[in-house]
Every structure is written in C-alpha cells, then in structure tokens.
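Undergrad: One structure is given below, represented as structure tokens, and several questions about it will come after.
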Amino acid sequence: MKELSAFQRDLLFVIDGMDEPYGLGIKAELEAYRETTINPGQLYPNLNSLVEQGYLSKQRKDDRTNLYLPTDRVAAAIADRRRWEAEQCTEPATTTPSP
C-alpha cells in the first residue's frame, strides 16, 4: 500500500467497507468522507490502476455498471497500514521531572 496515493488508499478503505462497490456508489461514499466533489476523470483511472495492481477485481454487474471487488491483497494491505499507523501514533513515554 506504500506505493499508493492517499486518494487510492481512501478508495480501498471505502471499497472494503461496501457490500456492493460500484463506481457511483464508491464516488458517493468517498465524497461524503472527503466533503468534496470527485471527478469521474479522477475516480475511474484510479480504480483501473488498482485493478492493474491487483488490489481490486473488476466484474460486470450489468450493461452499465461494474463492481470493483477487493482482493485478498486489500485485507493484508489495510492490516499492514493500520499497524504502521498505530506505531506512528503512539504517544511517547512521559517522564516526570526530577524535583
């Protein structure tokens, strides 16, 4: 996951939490989190890149809709990222000043 952009990492977290991750649903979830409009020209190339990198599999739902399903690589990458974040966010040990 280290090689991914922040946008791509956000996509994976959103997709991993969805039951049926399709383009417009992913877009809506990410827009709600980021509180900004996501351009389809930004969304779909990043989804396709995640497919090419093996994080997602792309399956046709119907004539107009594709599903972007997380592969096993996503669960491992998210777990690794959470471990790294926990290590980075731990508060340093406090010392009591000597009197």
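Undergrad: Residue by residue through region 8-21, which ³J(HN,Hα) values in whole Hz follow from phi under the Karplus form 6.51 cos²θ - 1.76 cosθ + 1.60 (θ = phi - 60°), with glycine and proline marked x?
TA: For region 8-21, the Karplus-derived couplings read 5, 4, 4, 4, 5, 5, 5, 4, 4, x, 9, 6, 9, x Hz, x marking Gly and Pro.
Undergrad: Could I ask something else about it? Would you kindly derive the ³J(HN,Hα) couplings of region 50-62 from the backbone phi angles with the Karplus curve 6.51 cos²θ - 1.76 cosθ + 1.60 (θ = phi - 60°), listing them in order in whole Hz, with x for Gly and Pro?
TA: 5, 5, 4, 7, x, 7, 10, 10, 9, 10, 7, 8, 8
Undergrad: Please check which bits of region 45-83 a label hung off residue 19 would reach, taking the label as a point 7 Å along Cα-to-C-beta and the cut-off as backbone N under 20 Å.
TA: Within reach of a label on residue 19, which here means backbone N under 20 Å from a point 7 Å along Cα→Cβ, region 45-83 contributes 59-62, 65-71.
Undergrad: Here's something else I'd like to know. Okay, helix-only estimate at 222 nm for the chain: each DSSP H run of n ≥ 4 adds -39500 (n - 2.57), divide by all residues, round to 500 deg cm²/dmol; what do you get?
TA: One gets -17500 deg cm²/dmol as the mean residue ellipticity at 222 nm.
Undergrad: Under 1.5 on a/c is rounded, so check that first for region 1-43, then, if it is not, pick prolate when a/b is larger than b/c and oblate when it is not; a ≥ b ≥ c are the square roots of the alpha carbon gyration tensor eigenvalues.
TA: Cα axes put region 1-43 in the oblate bin.
Undergrad: So what are the ³J(HN,Hα) numbers for region 43-49, from phi and the Karplus equation (6.51, -1.76, 1.60; θ = phi - 60°), rounded to whole Hz, Gly and Pro as x?
TA: 5, 5, x, 6, 4, 5, 5
Undergrad: Here is a further query. In debye, nearest 20: dipole of the chain around its Cα centre with unit charges on the Cβ of K, R (+) and D, E (-)?
TA: Here the chain has a charge dipole of around 200 debye.
Undergrad: Cα axis of helix 23-34 to longest principal axis of the chain: angle in degrees, 0 to 90, nearest 10?
TA: Value to nearest ten degrees: 30.
Undergrad: Using modelled amide H (1.01 Å from N, peptide plane; none on Pro or chain starts), what sits under 5 Å from the amide H of residue 71, excluding residues fewer than 5 places away?
TA: 56, 57
Undergrad: Give the calculated FRET efficiency between residue 83 and residue 51 to the nearest 0.05, with a Förster radius of 22 Å applied to their Cβ-Cβ distance.
TA: Efficiency computed from Cβ-Cβ geometry: 0.30.
Undergrad: Same structure again: Relative to the longest principal axis of the chain, what angle (0 to 90°, nearest 10) does the C-alpha long axis of helix 72-89 take?
TA: Between helix and principal axis, roughly 30 degrees.
No lab work stands behind these numbers, since they all come straight from the coordinates. Treat the numbers as computed from the prediction; the structure is a model and nothing was measured. We place every Cβ from the backbone using ideal geometry, glycine too, and count neighbours over all the protein chains shown.
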